[in-house]
Structure formats: C-alpha cells, structure tokens
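The values are calculated or read from the model by the stated rules, or taken from the named source; none is laboratory data. Remember, predicted model here, so these are calculated numbers, not experimental data. Quick reminder, even Gly has a Cβ in these numbers, built from the backbone with ideal geometry, and neighbours come from all protein chains shown. Note: areas computed on protein heavy atoms with side chains; ligands, DNA, RNA excluded. Shrake-Rupley method; radii C 1.70, N 1.55, O 1.52, S 1.80 Å.
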Amino acid sequence: MPSLLHHPLDPASRLIRLMCAEYGVPLDMEEIKPWLRTAELLEINPAATLPILIDDNDQPIVGLLANIHLIEDLYTPSVVTGLIPPDPITRAEMWRLIEWVTSKLNDEVTRYVLEEKIVKRDHKGATPDPAVLRVAKANLNEHMLYFNWLFANRSWLTGDDLTLADFALAAHLSTLDYLGDIDWGKAGETRDWYSRIKSRPAFRTLLNDRVLAMPPHKGYADLDF
C-alpha cells in the first residue's frame, strides 16, 4: 500500500487523496506539518513541500504534478476513462484550469489563509493578520465570480464531464470551507457544483478530517449545507 505524507488542510495533498479515492487506491496516511521543516522531511524533499507519495518500493514521489502523473500511469482503472480526458482540447482546458487553481487561486487566496490561520499557530506569539485575511477574502470573491461564470455555462469545470480540474478546485474550496472562509449563500453556481462533487464517495475521507483544537466550520461535513 502506498503511503502519503500530507497535512489535512494542504490542498495539493487533498487533490491526491481525492484522485486516489476516486480510483480506489488505498493510502497509508502520515500527517506532517511541512512548515516545521523537520530533518526527516528535508531529507526526502529539501523544498519541504507536500504531497509526497511513498510507493511500494519505498521510492518517494515528490510534488503535485509528479504524483498526478504517477497515479494516472499506475492506477487508472481500465474500465473507465479516468480523470484526464482523452480529447486534446478538453485536456488542454483541464490543465489550464488546474494551473489557475494551483497557482493563481493558491497564490492569491489559499496560501495566505493557511499561513495566517494554521501555520502561525506553531509560531509563539504570532496571530492572524486581519489585513492579510481581508485581501485574501477580496481575491476569493473575484475568483468565485469567475468560477460562477464557468459553471453557468458548463456542467463541470472543463465541460460536460468531471475531470481532475474539478478535484483541484474542490481541494482548495474544501480547505477554505473548513476554515469558514466561504459564504456559500453568495456562491451562486459554484455552490451547486460543490454540492454535487461533495456528494461523491471519494469526498468522504476529506469530510472526516479534523485539525487538532480547530474544528471545522459549521456545515463543512454536511451534504445539505
């Protein structure tokens, strides 16, 4: 059984967990805090980033893209198309939106929220900066407007079928939802999409996540939210 070094609220780790759950790949989970930069982590990955998948040969696979391609190459069920579409144009759109989520959304919203609300808990005397959180919230509002526009014209993020881009976005929004940073009452079409993807069996393990001394925001684990 492969092992995954992860943090419960790390969106990149969440994406790999969703992908493995969708494909029926069991994982042995090991929770770590990458910002503590332990010697054990740095020996595996000097960048101290997640996710890290340890395969059956004890070979560490480091980074989101490396993990995505390994899982797709080794574990895609033969009876299904998988989460990466065969059509080149649709596949290009999927990668465009994965880049949007993992780079733009992460750099403008998610990483700031995690830094202020999670990472600072391990730094003595550090407290969340309200100014940073206000900027992240404003940026999130702009992103949600774009996602609403996409979902007003598409069933799933890239078109008619669910792809890996949907899981990428769900990984980030579920992290922000855990921390109470999404007003679903104002989320429009994105809320309808999230309700559908949240109901998938692959999502169940994420909904059971809990961070020590920080329970999830009300409604996080509810399918009817």
At 1.4 Å probe size, what's the solvent-accessible area of Arg96? Round to the nearest 10 Å². 90
For segment 1-152, what proportion of DSSP beta bridges, expressed in % and rounded to the nearest 5, is antiparallel? 60
Answer in debye to the nearest 20: the dipole magnitude of the chain about its Cα centre, from +1 Lys/Arg and -1 Asp/Glu charges placed on Cβ, is 780
Just the accessible area per residue of the chain, please: how many Å² with a 1.4 Å probe? 50
Need one number: nm distance between label points at Leu36 and Arg200, each 7 Å from Cα along Cα→Cβ, rounded to one decimal. 3.2
Per the 1/(1 + (r/R0)^6) rule, R0 = 30 Å and r from the Cβ atoms of Tyr75 and Thr127, FRET efficiency to 0.05 is 0.10
Contact order relative to length for the chain, counting C-alpha pairs under 8 Å separated by 6 or more residues, stands in percent at 22
When the Debye formula is applied to the Cα atoms of the chain, each taken as the same point scatterer, what base-10 log of I(q)/I(0) results at q = 0.08, 0.11, 0.16 Å⁻¹? -0.28, -0.54, -1.19
Cross-link partners of Lys198 among lysines (Cα-Cα below 26 Å; sequence separation of 8 or more within a chain): Lys33, Lys104, Lys117, Lys137, Lys186, Lys218
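Taking the Kirkwood radius as the inverse of the mean 1/r across Cα pairs, report the Rg/Rh of segment 26-98. It would help to have the intermediate numbers written out before the result.
On the way: Rg = 15.1 Å, Rh = 14.3 Å.
So for segment 26-98, dividing Rg by the Kirkwood Rh gives 1.05.
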On the full set of protein chains, 1.4 Å probe, figure out the accessible area of Thr102 and give it in Å² to the nearest 10. 40
Report the rotationally averaged projected area of segment 146-221 based on its alpha-carbon convex hull, in square nanometres. 5.0
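From the protein chains alone at 1.4 Å, what is the descending order of accessible area for Glu116, Glu93, largest first?
Details: Glu116 15, Glu93 35 Å².
Largest to smallest exposure gives the sequence Glu93, Glu116.
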What does the extension gain come out to for Met214 and Ser3, with contour length at 0.36 nm per residue minus their alpha carbon separation? 73.5 nm
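Roughly how many percent of the accessible protein surface of segment 26-115 is carbon and sulfur, given a 1.4 Å probe and a whole-percent answer?
Numbers: 2780 of 5170 Å².
Its accessible area is 54 percent carbon and sulfur atoms.
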Give the dimensionless ratio obtained when the Cα radius of gyration of segment 50-158 is divided by 2.2 N^0.38 Å. 1.37
